[in-house]
Amino acid sequence: MSSNRPIAHSDLLQLKRWNTPTIYNGWEQVTKRNASRDAFNLEETRDFMPQMGPMVGYAVTVVIQPGEKSHRDENPKGWTEYREYVASIPGPKIVVVQDLDKPHTYGAFWGEVNSNMHRALGCVGTITDGAIRDVDEMTNAGFKALARRMCVGHAYSHPVRWNCEVEVFGRKVSPGDLIHADKHGFLVVPENEQANLLEASRFMDANECLTVIPAARDTAGKSTREILDGLNAAAAKFGENVKGKFQRHGEW
């Protein structure tokens, strides 16, 4: 993966200041894909550390199958080789883990030790369609997790393969995709859509704050007719701004 990425690290820090729905609002203006079903998780996921706020990083990927012991025997150096891969990628990184046991859950890839080790390698968190454990210890390590559930054991959480396309929560993720995630879910942005993401997100947030939100809040003493007229005018202005900026229609 190239270290010459479309987004500077300082811009990633700015992306982290907004929630994931706000970043989605910007993404839908710069994508040519179907904004109603592409890029975000299609299955429900859970943020186990919502108090940590959003996380932003580039995907590193791994496939596991904790319920199958044979993977450990087939490649006893799997952990070492996998960590070499993670270390070779510039951060910040989010580890995206596909659990082949799904819908069953036999063990967690993540706990106190593995979270601290990945944090040392420049990873800020994970998205796994399997389980996690040691949630308080993971939080103390500064390692955020979106997962399907918690569990007690780790079983045979040996890396099966890595640096490959994975699928989690109904969304395919490739190494190097930019991920923005929080308690709402996650957004996966490929390289060709990353460069203008911050500008678009910033514009859409400001557009709401200057048009539809003030109109909705400035209603004291107004009649229903006046409120409706104000909302309609603000929505029209919102749409005009979007069209002028992106040559597309706004959502209101």
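The values are calculated or read from the model by the stated rules, or taken from the named source; none is laboratory data. Values in this document were obtained by computation on a predicted structure and should not be read as measured data. All Cβ positions, even for glycine, are placed from backbone atoms using ideal geometry, and neighbour counts span all protein chains on display.
Numerical summary
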| read-out | value |
| --- | --- |
| From the options Ser201, Ser115, residue that is buried (at least 18 other Cβ atoms within 10 Å of the Cβ), assigned to a helix (DSSP H, G or I) and in contact with a Ser or Thr (Cβ under 7 Å, 6 or more places away or on another chain) | Ser201 |
| The stretch 9-37: number of residues that are closer than 12 Å to Ser201 by Cβ and part of a loop (DSSP other than H, G, I, E, B) | 4 |
| Candidates Arg217, Arg202, Arg225 - the one that is in contact (Cβ under 8 Å) with a residue 40 or more places away in the chain, charged (D, E, K, R) and either in the same structural domain as Val95 (by TED's automatic domain parsing) or more than 23 Å from Pro50 (Cβ to Cβ) (or both) | Arg202 |
| Residue match in the stretch 98-112 (condition: assigned to a helix (DSSP H, G or I), modelled with pLDDT of 95 or more and either touching a strand residue (DSSP E or B) at 6+ places or on another chain (Cβ under 7 Å) or surrounded by fewer than 16 Cβ atoms within 10 Å (Cβ to Cβ) (or both)) | no |
| Residues that are crowded, with 18+ Cβ neighbours inside 10 Å and more than 22 Å from the chain's Cα centre (by Cα), drawn from the stretch 46-77 | Gln65, Pro66, His71 |
| Residue match in the stretch 38-55 (condition: in a loop (DSSP other than H, G, I, E, B), without any contact (Cβ under 8 Å) to a residue 24 or more places away in the chain and within 16 Å of His180 (Cα to Cα)) | yes |
| Number of the condition not met by Ala234 [criteria: (1) of a type outside the set (Lys, Arg); (2) buried (at least 17 other Cβ atoms within 10 Å of the Cβ); (3) over 19 Å from Glu28 (Cβ atoms); (4) touching a Gly at 6+ places or on another chain (Cβ under 8 Å)] | (4) |
| Strands (runs of 3 or more DSSP E) within the stretch 122-190 that include 1 or more residues aromatic (Phe, Trp, Tyr) and either surrounded by fewer than 24 Cβ atoms within 10 Å (Cβ to Cβ) or at pLDDT below 95 (or both) | 159-162 |
| Every residue from the stretch 72-97 that is assigned to a loop (DSSP other than H, G, I, E, B) and hydrophobic (A, V, I, L, M, F, W, C) | Ile89 |
| Set Ala87, Ala108, Ala39: member being among the small types (Gly, Ala, Ser), within 18 Å of the chain's Cα centre (by Cα) and assigned by TED's automatic domain parsing to the domain that holds Phe143 | Ala39 |
| Residue in the stretch 232-242 that is in contact (Cβ under 8 Å) with a residue 40 or more places away in the chain and not assigned by TED's automatic domain parsing to the domain that holds Phe40 present | yes |
| All positions within the stretch 198-211 that are within 23 Å of Ser10 (Cα to Cα) and either out of contact with any Gly (no Cβ under 6 Å at 6 or more places or on another chain) or at pLDDT below 95 (or both) | Leu198, Glu199, Arg202, Phe203, Asp205, Ala206, Asn207 |
